[in-house]
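Note sheet for the following structure.
The values are calculated or read from the model by the stated rules, or taken from the named source; none is laboratory data. This structure is a prediction, so every number in the text was calculated from the model and none was measured. Cβ sites come from the backbone with ideal geometry, for glycine too, and all protein chains shown count toward neighbours.
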């Protein structure tokens, strides 16, 4: 009887699925907006006569306002509503994509990327917040993954679709295409999605139980400065370091350093994201099943993320020592798929560290920290490439640096992240 009740409680309503579906599609658009600059890097660098270090500035500029925007808007969404905030930021995306077609200089391009970054910075945290509030904890891993895999699906789709526009109609046509898609999504979002908790699948009884006064800073700050939160965020920072490199530099690496072009180039860009989608769905499903059986966050989530980060670091390194392009793509694909697991299980772990009323603040702060990698990684990579003896040597040196960051943070995460202990400590304090 209890199992039937638990199964019933864990079901998602139609409106919850609808909300998750919209968040999935906005994640696709979000990553395509990020990826387009890397896909258009060769013609843009040629047209504007940019050096690798200048292109590194273009890649980094997207993230200059990313973190502060994610932090401020994440906090704001807890007070004015997630749907309203998402409507505003997706409108900004569409406007900026249309504005980018008028690019004639480096400063103009940098400004458009900065504005787009400010608009896209809060997206992942907002999507995770809205999805997490709509589902029970037993379904949180898979539900957040369904939203997150929109990023990997988007990256996989973006490569062939946007490259088609870039190659056949010029790079400006790809930006126009994304602007139109963003505008259509925003209109449908406004007309269809409801934000109140009943409409996204939380039953009235649960609303009453979870409702309460907005928390004071004294309740939130200790959690934000806790060992668990810091290490979870640093691990995500390491993962996002390579994500930023992949968006800004992977197409350039495959084409200029590895000599891959045509259909093989499209496959080299697409395969890592397809494998990442499979990896995230598989590991989040396994994680949820273990959590449902054990109710133990460490066993179900931490002990999955930690080892996968170490393996990802190994595969990034191996990609630099193999001469075969096929093996290099295979190693990088495995590395990408494994390092990305923290980006879906990290938010799931945070739901065991923070109460539901603080999800917006938690996810906003978490994403603000790891988005800092987006500011540093493309620029640092550009400097390394420009100062290396050869282009391919520069890329491989940059990959070694990223692999080292992933290894160290992954090991610290595996050893010291213990949200279960923190939760028990808080409970015992309340009882005492």
Exercise for the section: Would you check which residues across segment 259-289 are surrounded by fewer than 18 Cβ atoms within 10 Å (Cβ to Cβ) and outside any helix (DSSP H, G or I) and list them? Expected result: 259, 261
Handout entry: Options 129, 103, 112; residue that is crowded, with 17+ Cβ neighbours inside 10 Å, touching a residue at least 24 places away in the same chain (Cβ under 8 Å), in contact with a helix residue (DSSP H, G or I) (Cβ under 9 Å, 6 or more places away or on another chain) and in a helix (DSSP H, G or I)
Key = 129
Problem - Conditions (1) surrounded by fewer than 22 Cβ atoms within 10 Å (Cβ to Cβ); (2) more than 17 Å from the chain's Cα centre (by Cα); (3) part of a helix (DSSP H, G or I); (4) modelled with pLDDT under 85; number of the one not met by residue 77 - result: (1)
Problem - Lone unmet requirement of (1) modelled with pLDDT under 95; (2) touching a helix residue (DSSP H, G or I) at 6+ places or on another chain (Cβ under 7 Å) for residue 137 - result: (2)
Fill in the blank from the handout: Of (1) assigned to a helix (DSSP H, G or I); (2) closer than 19 Å to residue 71 by Cβ; (3) modelled with pLDDT under 90, residue 215 fails just (1)
Fill in the blank from the handout: Restricting attention to segment 313-324, the residues that are assigned to a helix (DSSP H, G or I) and either out of contact with any helix residue (DSSP H, G or I) (no Cβ under 8 Å at 6 or more places or on another chain) or farther than 19 Å from residue 256 by Cα (or both) number exactly 6
Practice task
Specify which of the listed residues (144, 188) is modelled with pLDDT of 85 or more and at negative phi.
Solution key: 188
